[in-house]
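The values are calculated or read from the model by the stated rules, or taken from the named source; none is laboratory data. The structure displayed is predicted, hence computed values, not measured ones. In case anyone asks, the SASA skips ligands and DNA or RNA and just uses the protein heavy atoms, side chains included. Shrake-Rupley method; radii C 1.70, N 1.55, O 1.52, S 1.80 Å.
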Amino acid sequence: MTLAEFQRSLTAKTAPRGLAPPLVALWWARKGDWDKAHEIVMDQEGRAAAWVHAYLHRVEGDAGNAAYWYRQAQRPAASGTHDAEWAVIAAALLGETAWS
């Protein structure tokens, strides 16, 4: 799935099948359901989940918690807009950009 396809899928009522949980959480976050996104990602392990978790806490305004999750993801804390960060994470997790 490309970033453009992922973005177009946001018009649906549910996330596309076959997405990894961090991408499903990111999908719900973009739909405005922070709680659902957080519920999905908080039970996941790995750097991708930690990166999405960091993004969610940044959106929430909890900089301290976000900083912890950025460290877990081995990513620098984002400083741009939430929309820009969402697109960067989505592209990376979809394999369109390198992020390791």
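List of remarks:
- Note on Ile40: accessible area approximately 40 square angstrom, rounded to 10, probe 1.4 Å, nucleic acids and ligands left out.
- A viscosity of 0.890 mPa s and a temperature of 25 °C, combined with the Kirkwood radius over C-alpha pairs in the Stokes-Einstein formula, give the chain a diffusion coefficient of 185 µm²/s.
- Global form of the range 43-100, assessed from the alpha-carbon gyration tensor, a/c cut-off 1.5: oblate
- Per residue accessible area of the chain, 1.4 Å probe, in Å²: 56
- Alpha-carbon centroid distance for the pair the range 1-17 / the range 40-70, whole angstrom: 21
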